[in-house]
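J.: My questions all concern the structure below.
The values are calculated or read from the model by the stated rules, or taken from the named source; none is laboratory data. Remember, predicted model here, so these are calculated numbers, not experimental data. Cβ placement follows ideal geometry from the backbone for every residue including glycine, while neighbour counts extend to all protein chains displayed.
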């Protein structure tokens, strides 16, 4: 993985850049000492590290606007950052760029139950939104596993998912509006508290844009009344195929569970050793099925799911009988990443999505790959929506192992695309999958996306080096299409 | 084949569409893009030629277990919904037809419904068309065939251009193939009706229902004049709350909801057949079909939508728990837009002469114009539609 070559002239201007940022954000809001910059050198994808030129921590939209305006005028690159929990390197700094940290935007501005929404600053944590409304019986639905730390602003940038998004959607399905600062310093409001907004759905395209289109300074999220009850089932199977078939049966029965997770044997063992959730360590695959809604519905569907699982040969069946037990069932799954972190010095988490029916084929191909690379792999899987999280086990201290893990990961993702799936279901492209974009999109597809980038940030100063494998100047992308070897209309003016 | 010949026999592929768009662009001609042609009345301006997608009407792939359907953009909504119903599934965004409303005779298409982001009463629970739009192939105004998104239900690879296409009314690109998320259809439904509430009371009752554990999937209010019109012909205001799902669940929730709403007075329950019929009428705004006045669709914060309506002359009915107001009014467009904006919303004129789309202002207008230029710099596609166009 290579980042764009840093601009030595910009690095040489560090003192001047820091002075200018201090004029906008006085006091401790600008970090420039080398040792103080260390905490910012990577995000959740810690295999990649880079010390930024400086970090600025604004507190107001006005400051964000002035920072971006100044950086635009001076040609200084900016990398926005929430809590730094990205698993794809979305907040990886640049040697010649400023990190714009949004941590100080940490206030809940308004809770509006009549309109079922909350207006929050982007540095509020995902769980912080739920905490603000749960006493009144509400919650914020998207629940990425990092929800105690990750911020709403970061969730908007990454379009974060979580274990409940099969039924309740990703971040994009739970947003109503935002305030966005463009790289030129302009402030726009997208959406509001209503369902639709006038004009193009720019909120929709900003969500999941990985910090390349603008900096979000305020977010309006939908909040939902908490379901009356929730029950979880643990279902152990002697084969991955049987577990996969059960998932298909559940969906075919017209049931959309609130959560539908699968773990393979290595993941089950790691999680059980870590939290003792009561998982069946000999099962080839474990399903966690959560059903929520009225008592009557949960009771009926629990019986139904149980019967479907038994018909497919499930030999371990547990149903939660209390909230504590339900949470215990989830504890193993939610701690799967750190649990795997205990059985190997390092792990590399992938995030492809496949059509669910291809699961047995993909898992067996993955075991083959694991053998040929000589690396272990544990799988956790958002089974309901086909989102795989293979965790490749490696040791960064052994020369060449990181590169091997990267090559293994790339091969898995190419397989996901080959069977009709995609490179990333919820973690984002970032720097990690950037160079694989060509396996899913042809140059025209990518040019169409990059022109959207140009509409928001024509000088390509915001989070460059992420998402797109090649940097095209916007003027170059603006040229009209060449059709069958000749420019379709060469005499027309080129904006 | 030349573009004129392709148009005459209807485009059969993305490459056909590309040929028509490229040739129009080369000659500075403007194209009106139509699926079934049922929404032509909404804000279109004269074009030099019409590009029909009616020839691109096939279902490409349908995997019920994967909750995914891929079809050519001109596939008829009625055909898609029949296919899904055969597998106990549905388009959860409940796309309206608006054929009665607009006096149109054609067949609405899946591509057209997505391009206009048309969503029915279930939007308050299941989301809009945009929320179920997973991927597409299209031809941009530059005459390029491109794709975005994927054919799986969960995907964040690259920009979410589906959101940009949804509600762009064909002004950025001509959709040729689309992939949508499909969901199990509810086994059962019922509707709880309340009577005689004022707009403010109705909005409070709907909010109470929405804020409880009842999983309301439709919340509409017809004030007395609208309720008095056919097909309902009720003597007083009617407020309706729909519950859908498995039988036992619907029964339990209906009972709990009725108990919670007791302070709002007398209520009735509709059986599944009457419930379906009622929400079909709400979805198609049937009460306002025969009225000749211009018809507006105001999208507003649910709790304050009625206040925007109160500030305007005319007659209204509400869907989306108050977040969608249908307003029959002779008021000037500017007056409607100002009132909607004052209460945090916006307005689209669905029927009637003059401009339909609310103009944008300031940096947002500039940004929207740059987005338009990214896809259709020569303004080839759908003149008159969308403010930025």
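J.: Looking at A:186, A:179, A:218, can you tell me which residue is in contact (Cβ under 8 Å) with a residue 40 or more places away in the chain and within 7 Å of chain B (Cβ to nearest Cβ)?
T.: Criteria check complete, one pass: A:186.
J.: I'm told residue B:293 meets every condition in (1) assigned to a loop (DSSP other than H, G, I, E, B); (2) over 18 Å from residue B:123 (Cβ atoms); (3) at pLDDT 95 or above; (4) over 23 Å from the mean Cα position of the chain (by Cα) except one. Can you identify the failing condition by its number?
T.: So residue B:293 meets the others, but not (4).
J.: So, in segment A:105-155, exactly how many residues are farther than 15 Å from residue A:223 by Cα and at pLDDT below 95?
T.: Residues in segment A:105-155 being farther than 15 Å from residue A:223 by Cα and at pLDDT below 95: 6 in total.
J.: OK, next. Filter segment B:66-86 for residues that are free of Cβ contacts under 8 Å to residues at least 60 places away in the same chain and surrounded by fewer than 16 Cβ atoms within 10 Å (Cβ to Cβ) and give the result.
T.: The answer is B:78, B:82, B:86.
J.: For segment A:405-438, give me the residue count where each residue is in contact with a helix residue (DSSP H, G or I) (Cβ under 9 Å, 6 or more places away or on another chain), within 11 Å of chain B (Cβ to nearest Cβ) and surrounded by fewer than 24 Cβ atoms within 10 Å (Cβ to Cβ).
T.: 5
J.: Scan B:278, B:214 and give me the residue that is assigned to a loop (DSSP other than H, G, I, E, B) and at pLDDT 95 or above.
T.: B:214
J.: Name the residues in segment A:282-311 that are away from every other protein chain (no Cβ under 14 Å), outside any helix (DSSP H, G or I) and touching a strand residue (DSSP E or B) at 6+ places or on another chain (Cβ under 7 Å), would you?
T.: Taking segment A:282-311 as the starting set, the residues that turn out to be away from every other protein chain (no Cβ under 14 Å) are A:282-290, A:306-307, A:309-311.
With the extra rule that they be outside any helix (DSSP H, G or I), the set shrinks to A:282-290.
If the condition is that a residue be away from every other protein chain (no Cβ under 14 Å), outside any helix (DSSP H, G or I) and touching a strand residue (DSSP E or B) at 6+ places or on another chain (Cβ under 7 Å), then A:283, A:284, A:285, A:286, A:287, A:288, A:289, A:290 are the ones that fit.
J.: I'd like to verify a number: residues in segment A:445-477 that are touching a residue at least 12 places away in the same chain (Cβ under 8 Å) and not in a loop (DSSP other than H, G, I, E, B), how many?
T.: Looking only at that region, the number is 12.
J.: Within segment A:189-211, restricting attention to residues that are facing another protein chain (nearest Cβ under 8 Å) and assigned to a helix (DSSP H, G or I), which residue is nearest to residue B:92 (Cα to Cα)?
T.: Checked segment A:189-211; the qualifying residue nearest to residue B:92 (Cα to Cα) is A:204.
J.: If we scan segment B:157-167, do we find a residue that is crowded, with 24+ Cβ neighbours inside 10 Å, touching a helix residue (DSSP H, G or I) at 6+ places or on another chain (Cβ under 6 Å) and more than 24 Å from residue A:157 (Cα to Cα)?
T.: No, segment B:157-167 contains no residue that is crowded, with 24+ Cβ neighbours inside 10 Å, touching a helix residue (DSSP H, G or I) at 6+ places or on another chain (Cβ under 6 Å) and more than 24 Å from residue A:157 (Cα to Cα).
J.: Just wondering, is there one or more residues in segment B:34-41 that are farther than 21 Å from residue B:4 by Cβ, in contact (Cβ under 8 Å) with a residue 40 or more places away in the chain, within 14 Å of chain A (Cβ to nearest Cβ) and assigned to a loop (DSSP other than H, G, I, E, B)?
T.: no
J.: Being touching a helix residue (DSSP H, G or I) at 6+ places or on another chain (Cβ under 8 Å) and not in a loop (DSSP other than H, G, I, E, B) is the filter; apply it to segment B:5-21 and report the residue that is farthest from the other protein chains (Cβ to nearest Cβ).
T.: Per the stated criteria, the residue is B:7.
Yes/no matrix, rows are residues, columns are (1) touching a strand residue (DSSP E or B) at 6+ places or on another chain (Cβ under 9 Å); (2) closer than 20 Å to residue A:461 by Cα:
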{"residue": "A:2", "(1), (2)": "no, yes"}
{"residue": "A:7", "(1), (2)": "yes, yes"}
{"residue": "A:10", "(1), (2)": "yes, yes"}
{"residue": "A:13", "(1), (2)": "no, yes"}
{"residue": "A:16", "(1), (2)": "no, yes"}
{"residue": "A:20", "(1), (2)": "no, yes"}
{"residue": "A:26", "(1), (2)": "no, no"}
{"residue": "A:37", "(1), (2)": "yes, no"}
{"residue": "A:41", "(1), (2)": "no, yes"}
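J.: Considering only residues that are within 20 Å of the chain's Cα centre (by Cα) and either surrounded by fewer than 17 Cβ atoms within 10 Å (Cβ to Cβ) or in a loop (DSSP other than H, G, I, E, B) (or both), which ones fall in segment B:345-358?
T.: Those that are within 20 Å of the chain's Cα centre (by Cα) and either surrounded by fewer than 17 Cβ atoms within 10 Å (Cβ to Cβ) or in a loop (DSSP other than H, G, I, E, B) (or both): B:345, B:352, B:355, B:356, B:358.
J.: Counting only residues that are within 14 Å of chain A (Cβ to nearest Cβ) and touching a helix residue (DSSP H, G or I) at 6+ places or on another chain (Cβ under 7 Å), which one in segment B:271-302 is surrounded by the most Cβ atoms within 10 Å (Cβ to Cβ)?
T.: B:300
J.: Additional query: Might you check whether a residue that is at pLDDT 95 or above, at negative phi, assigned to a loop (DSSP other than H, G, I, E, B) and in contact with a helix residue (DSSP H, G or I) (Cβ under 9 Å, 6 or more places away or on another chain) occurs anywhere in segment A:17-24? If you could, list the steps in order and put the result at the bottom.
T.: Start the filter on segment A:17-24 by keeping residues that are at pLDDT 95 or above, which leaves A:17-24.
This time we only want the ones that are at negative phi, so: A:17-24.
After this cut, where a residue has to be assigned to a loop (DSSP other than H, G, I, E, B) as well, the list is none.
Among the residues of segment A:17-24, not one is at pLDDT 95 or above, at negative phi, assigned to a loop (DSSP other than H, G, I, E, B) and in contact with a helix residue (DSSP H, G or I) (Cβ under 9 Å, 6 or more places away or on another chain), which makes the answer no.
J.: Something else now. Can we say residue A:64 is touching a strand residue (DSSP E or B) at 6+ places or on another chain (Cβ under 7 Å), over 27 Å from residue B:303 (Cα atoms) and not in a loop (DSSP other than H, G, I, E, B)? Steps first, please.
T.: Values: touching a strand residue (DSSP E or B) at 6+ places or on another chain (Cβ under 7 Å): yes; over 27 Å from residue B:303 (Cα atoms): yes; not in a loop (DSSP other than H, G, I, E, B): yes.
Criteria met by residue A:64.
For (1) within 11 Å of chain A (Cβ to nearest Cβ); (2) within 30 Å of residue A:448 (Cα to Cα), each residue gets a yes or a no:
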{"residue": "B:164", "(1), (2)": "yes, yes"}
{"residue": "B:180", "(1), (2)": "no, yes"}
{"residue": "B:190", "(1), (2)": "no, no"}
{"residue": "B:194", "(1), (2)": "no, no"}
{"residue": "B:229", "(1), (2)": "no, no"}
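J.: Inspect all residues belonging to segment A:136-149 and state whether any of them is within 11 Å of another protein chain (Cβ to nearest Cβ), in contact with a strand residue (DSSP E or B) (Cβ under 7 Å, 6 or more places away or on another chain) and under 19 Å from residue B:152 (Cα atoms).
T.: Going through segment A:136-149, the residues within 11 Å of another protein chain (Cβ to nearest Cβ) turn out to be A:136-138.
Now restrict to residues that are in contact with a strand residue (DSSP E or B) (Cβ under 7 Å, 6 or more places away or on another chain): A:137-138.
Within this subset, residues satisfying the condition of being under 19 Å from residue B:152 (Cα atoms) are none.
Within segment A:136-149, none of the residues are within 11 Å of another protein chain (Cβ to nearest Cβ), in contact with a strand residue (DSSP E or B) (Cβ under 7 Å, 6 or more places away or on another chain) and under 19 Å from residue B:152 (Cα atoms).
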